[in-house]
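Bear in mind these aren't lab numbers, they're just calculated from the coordinates by the rules spelled out. Worth saying up front: this structure is predicted, and the values here are computed from it rather than measured. Cβ sites come from the backbone with ideal geometry, for glycine too, and all protein chains shown count toward neighbours.
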Amino acid sequence: MSSTIVDISELQSFDSDSVKALTDFLKKKIDGTVTVSKKEVTLDFEEGKQVSRSRLRLLLRKFLHKEELKMDFRVISGGENSFVMKERKEFSEE
């Protein structure tokens, strides 16, 4: 059984309703178990049914687009089996 972790700590502090929407979205799109803790979402897959990293990154980006959070957040790699939903820094010209 393999698992992937998505760090949602910044998304949680931005909007807690988005976390519920993310778990619902992932449950519909992947064939695996989705569990939520305070700062992360854990995706557990059976052997042979795991989703590739690029597919999972694409699903996370689609979620941001669907919830109109694409301008506020981005998906980056957090290591071997993890992703981070990071808040974008605002650029300001002085």
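At 0.692 mPa s and 37 °C, plugging the Kirkwood radius over alpha-carbon pairs of segment 2-87 into Stokes-Einstein gives what diffusion coefficient in µm²/s?
Numbers: Rh = 12.7 Å.
In µm²/s, the coefficient is 258.
Check which residues have an amide H placed less than 5 Å from residue 82's amide H, if you skip close sequence neighbours.
Answer set, sorted by chain and number: 5.
Output wanted: per-residue J couplings in Hz (rounded whole) for segment 72-88, from phi through Karplus 6.51 cos²θ - 1.76 cosθ + 1.60, θ = phi - 60°, x for Gly and Pro.
9, 10, 9, 9, 10, 6, x, x, 4, 10, 8, 10, 10, 8, 9, 6, 6
For 83, 25, which order do you get if you count the other beta carbons within 10 Å of each Cβ and list the fewest first?
Values: 83 22, 25 18.
By the 10 Å Cβ count, ascending, the order reads 25, 83.
Hey, fewest Cβ within 10 Å first, where do 46, 80 land in order? Write down the numbers at each step before the final one.
Details: 46 11, 80 8.
Least crowded to most crowded, the residues run 80, 46.
So how far, in whole Å, is the C-alpha centre of segment 47-93 from the one of segment 1-18?
Centre-to-centre distance over Cα atoms comes out at 10 Å.
Would you mind checking which residues have amide H under 5 Å from residue 40's amide H? H placed 1.01 Å from N; only 5 or more apart, or other chain.
For residue 40, whose amide H was placed from the backbone, the distant partners under 5 Å are 8.
Where Lys and Arg each count +1 and Asp and Glu each count -1, what net charge lies around residue 14 among other residues with Cβ under 9 Å from its Cβ?
On the way: positive: none; negative: 10, 15, 72, 87.
The answer is -4.
Using just the helices of the chain, give the 222 nm mean residue ellipticity in deg cm²/dmol: DSSP H runs with n ≥ 4 each add -39,500 (n - 2.57), and the total is spread over all residues, rounded to 500.
Working: 3 runs with 34 residues, N = 94.
For the chain, the value works out to -11000 deg cm²/dmol.
Charges only on Cβ, +1 for Lys and Arg, -1 for Asp and Glu: so what's the dipole of segment 8-64 about the Cα centre, in debye to the nearest 20?
Here segment 8-64 has a charge dipole of around 260 debye.
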